[in-house]
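To start, the structure itself, in structure tokens.
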Amino acid sequence: MSGLVVENLRIEIAAGGASNPRVLKPVDGVSFEIGANECVALLGESGCGKSLTALALMRLLPDGGRVASGSVRLAEEDLFALTEAEMGEVRGGRLAMIFQEPQTSLNPVMTVAEQIDEALMAHRGLTGAAATEESLRLLESVGLGADKLDAYPFQLSGGQRQRALIAMMLAGEPEVLIADEPTTALDVTVQAQILRLLKDLQQQRGMSLLLITHDLDVAHDMADRVAVMYAGQIVEWASSDALYAAPRHPYTQKLFAVLPRLDRRGERLDSLPGRVPGPDTLFVGCRFADRCPVAFERCRVETPAFHEAAPGHFARCHLADSADESTSRRVRHAHQITPNGAHGAPYAAPLAVVLEVRDLAVHFPIRKGLLKRTIGHAKAVDGVSLQVAAGETLALVGESGCGKTTLARAILRLIEPTAGRVSLLGEPLAGLRGEALRRKRAEMQIVFQDPFSSLNPRMKVGEILAEGMAALLSLSAAAQRERVADLLNQVGLPADAVGRYPHEFSGGQRQRIAIARALAVEPKLLILDEPTSALDVSVQAQILNLLADLQQQHGLAYLFITHNLSVVSYLAHRVAVMQGGKIVEQGEAETLLTRPENAYTRLLLDSAPGRGVGS
Ligand code: SF4
């Protein structure tokens, strides 16, 4: 067949050095196929082996990594049997790959035209006028004008760079294009455009597309068939429609159950405890058994085979073994994996106004010339008014560069506003200085997207939590210790975390530490700046549940900055949409998300994955 067939792929990585040599098995027996003119999504959370699988297909494994066994056939040609020179011709030619961050694949000192010409020359022997004509045609096919031919990568936006890279990859007329998280770094409207483009190109060219993604909605929009990966293996393989209608593997079912959505508002999100086992784990039985809510005795001792649960729908689970009568009762139970139930109480009705922002403006001078004369102002924040009450979550939504983060910094008085007023619990911040400002600031804390860079790596968790407390709360040493223990308990961390360093924790646990640190000084307002966007969906669910619990317990006001509309629809009471430094629409979450009035809000909602790019 044309397309790509991967059989029993095993990757090993040498680790541990001479003193403690170990062999990691991050990909362990992966098989799938992609037909001509078909899109297959390799779906999974971080660390499941999907990107390494893609790199192995390109024969681009990192140092120390090797293909231990298996085969990859591109239109019947065994890629692992080719010499490196032969593979060099295939790579970027018949088999091409684009990455999450196009910047890393584009040469910064070559123009777009030079890079496309290079590919045309290497794979199709085109030069001169023929190459220029083809470059223009390729640029046009990815939606870029001729004016971008002489542009360097740094002169392009993120979306334009991804388009330029796609044009470069198309230059070799690939039969198979691998796209590894191609839109993860892009804004939602640009993401929708790039996905649409990939889908159109795949269909027009009859190309095979292997899409690597962690995003269930993106996979659904794009793929004809989906392979779900877990701990180095494919655990479910089915048509996109069948998988999304009725996932068969308990892991896939959990992935769906942890997703925040509008219809789950007020409910506690389901959670998936534990972590994906590492590539050095020696498995006995099912790899998912420790986290599986329906595991039974057989799962611990016998490795499940890849059973065909329905025609063309496979799951690596004993429950999909239709030959085993004893599993039928468990199958019925497993298909009823549901959320954990509601939060303790419905969202509390908003109380007193905690944060009030009136006509806030932050203008940055634009300077030019030798004397750096001010020739104008960039209006990063331009007349923003909003308020957040106790027990309420206001989501601030917008794309990069819209002014969200500048607004947050101005609220915290980390930058001076040009105009306008910020009041916290009725007290204006403008006149405060020194100790008075410091104390007021303690009432509003911020939690960032990347907890690791915001936690001091040389301080133990106990010290991190006690630091702000010591400065702002007059507590005895014993009371401080008690409060640290209480904070750890509140955010669901073990008591022994006190004596450990941030690097000893997973990403989700580090975000819990950052939240505990923010809570340590008894704030009234938390500014949450994309707090879950670096986390896998299962960990995201845990953090969203935690934030909802803490809000109920403490009546906290949240200003939740995010681009993720699923998260917004799940937890926000009200939403403010920001564009070009202004709030263009603000209102109750359900009304705004279902009946937006502003054209930009509609565009954001229509661009969100799950709205059917591929339909
Ligand atoms: Fe869960 Fe057992 Fe199926 Fe593994 S084999 S997914 S542990 S039910």
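Restricting attention to the stretch 203-218, and to residues there that are touching a helix residue (DSSP H, G or I) at 6+ places or on another chain (Cβ under 9 Å) and in a helix (DSSP H, G or I), which single residue is most open to solvent (accessible area, probe 1.4 Å)?
Narrowing the stretch 203-218 to residues touching a helix residue (DSSP H, G or I) at 6+ places or on another chain (Cβ under 9 Å): 204-205, 207-218.
Now narrow it down to the ones that are in a helix (DSSP H, G or I): 204-205, 216-218.
Details: Gln204: 141, Arg205: 84, Leu216: 7, Asp217: 27, Val218: 6 Å².
Of everything passing the filter in the stretch 203-218, Gln204 is most open to solvent (accessible area, probe 1.4 Å).
If you check every pair at least six apart or on different chains, which have Cβ atoms under 9 Å apart with a residue in the stretch 589-606 that is in a loop (DSSP other than H, G, I, E, B) first and a residue that is of a type in the set (Asp, Glu) second?
Partner pairs satisfying both residue conditions: Pro596/Glu585; Glu597/Glu585; Asn598/Glu585.
Is it the case, given these coordinates, that Asp221 is open to solvent by 10 Å² or more (accessible area, probe 1.4 Å) and under 24 Å from Gln100 (Cα atoms)?
yes
Only residues that are open to solvent by 20 Å² or more (accessible area, probe 1.4 Å), within 11 Å of the ligand (Cβ to nearest atom) and among the basic types (Lys, Arg): list them for the stretch 252-290, please.
The answer is Arg287, and nothing else.
When you look at Leu488, is it open to solvent by less than 40 Å² (accessible area, probe 1.4 Å) and not β-branched (Val, Ile, Thr), yes or no? Full working, then the answer.
On the way: open to solvent by less than 40 Å² (accessible area, probe 1.4 Å): yes; not β-branched (Val, Ile, Thr): yes.
The answer is yes for Leu488.
So, Ala310, is that one small (Gly, Ala, Ser), at pLDDT below 95 and more than 13 Å from the ligand (Cβ to nearest atom) or not?
Numbers: small (Gly, Ala, Ser): yes; at pLDDT below 95: yes; more than 13 Å from the ligand (Cβ to nearest atom): yes.
It is true that Ala310 is small (Gly, Ala, Ser), at pLDDT below 95 and more than 13 Å from the ligand (Cβ to nearest atom).
Filter the stretch 180-200 for residues that are under 16 Å from His563 (Cβ atoms) and open to solvent by less than 40 Å² (accessible area, probe 1.4 Å) and give the result.
Our first condition is that a residue be under 16 Å from His563 (Cβ atoms); within the stretch 180-200, this holds for 181, 183-195.
Selection gives Glu181, Thr183, Leu186, Asp187, Val188, Thr189, Val190, Gln191, Ala192, Ile194, Leu195.
So which pairs qualify, if the first residue must be in the stretch 278-289 and under 12 Å from Pro304 (Cβ atoms), the second must be away from the ligand (no atom under 14 Å from the Cβ) and β-branched (Val, Ile, Thr), the Cβ gap must be under 8 Å, and the two must be at least 6 apart or on different chains?
Qualifying pairs under 8 Å: Arg287/Thr281.
Ala56 is checked against (1) touching a residue at least 40 places away in the same chain (Cβ under 8 Å); (2) over 18 Å from Ala231 (Cα atoms) and fails just one. What number does that condition carry?
Status for Ala56: all satisfied but (2).
Collect the residues in the stretch 242-251 that are more than 21 Å from the chain's Cα centre (by Cα), part of a helix (DSSP H, G or I) and within 11 Å of the ligand (Cβ to nearest atom), keeping them in residue-number order.
Within the stretch 242-251, Pro250 is the sole residue that qualifies.
For the stretch 25-47, does any single residue satisfy the condition of being modelled with pLDDT of 95 or more, part of a strand (DSSP E or B) and either acidic (Asp, Glu) or in the same structural domain as Arg275 (by TED's automatic domain parsing) (or both)?
Within the stretch 25-47 (the criterion being modelled with pLDDT of 95 or more, part of a strand (DSSP E or B) and either acidic (Asp, Glu) or in the same structural domain as Arg275 (by TED's automatic domain parsing) (or both)), the answer is yes, since at least one residue qualifies.
Of all residues in the stretch 231-287, how many are of a type in the set (Asp, Glu), over 23 Å from Phe505 (Cβ atoms) and at pLDDT below 90? Break it down stepwise before answering.
First, the residues of the stretch 231-287 that are of a type in the set (Asp, Glu): 236, 241, 263, 267, 270, 280.
Retained after the next criterion (residues that are over 23 Å from Phe505 (Cβ atoms)): 236, 241, 263, 267.
Those left that are additionally at pLDDT below 90: 263, 267.
Summing the residues that are of a type in the set (Asp, Glu), over 23 Å from Phe505 (Cβ atoms) and at pLDDT below 90 in the stretch 231-287 gives 2.
Just to check your reading of the model, which residue among Gly403, Gly434, Gly383 is open to solvent by less than 70 Å² (accessible area, probe 1.4 Å), without any contact (Cβ under 8 Å) to a residue 60 or more places away in the chain and out of contact with any Leu (no Cβ under 7 Å at 6 or more places or on another chain)?
Numbers: Gly403 fails: without any contact (Cβ under 8 Å) to a residue 60 or more places away in the chain; Gly383 fails: without any contact (Cβ under 8 Å) to a residue 60 or more places away in the chain.
Of Gly403, Gly434, Gly383, the one residue that is open to solvent by less than 70 Å² (accessible area, probe 1.4 Å), without any contact (Cβ under 8 Å) to a residue 60 or more places away in the chain and out of contact with any Leu (no Cβ under 7 Å at 6 or more places or on another chain) is Gly434.
Scan the stretch 332-344 and tell me whether some residue there is assigned to a loop (DSSP other than H, G, I, E, B) and modelled with pLDDT of 85 or more. Please lay out each step first, then the result.
At the first step, the residues of the stretch 332-344 found to be assigned to a loop (DSSP other than H, G, I, E, B) are 335-341, 343-344.
Next, from what is left, pick out any that are modelled with pLDDT of 85 or more: none.
For the stretch 332-344, residues assigned to a loop (DSSP other than H, G, I, E, B) and modelled with pLDDT of 85 or more: absent.
If I ask for residues that are at pLDDT 90 or above, buried (at least 19 other Cβ atoms within 10 Å of the Cβ) and either touching a Pro at 6+ places or on another chain (Cβ under 8 Å) or closer than 15 Å to Gly92 by Cα (or both), which ones from the stretch 120-137 would you list?
Passing the criteria: only Leu120.
The values are calculated or read from the model by the stated rules, or taken from the named source; none is laboratory data. This is a predicted model, so every value here is computed, not measured. With ideal geometry, Cβ positions are generated from the backbone for all residues, glycine too; neighbour counts draw on all protein chains shown. Please note that ligands, DNA and RNA were not included when accessible areas were found on the heavy atoms of the full protein model with its side chains. Shrake-Rupley method; radii C 1.70, N 1.55, O 1.52, S 1.80 Å.
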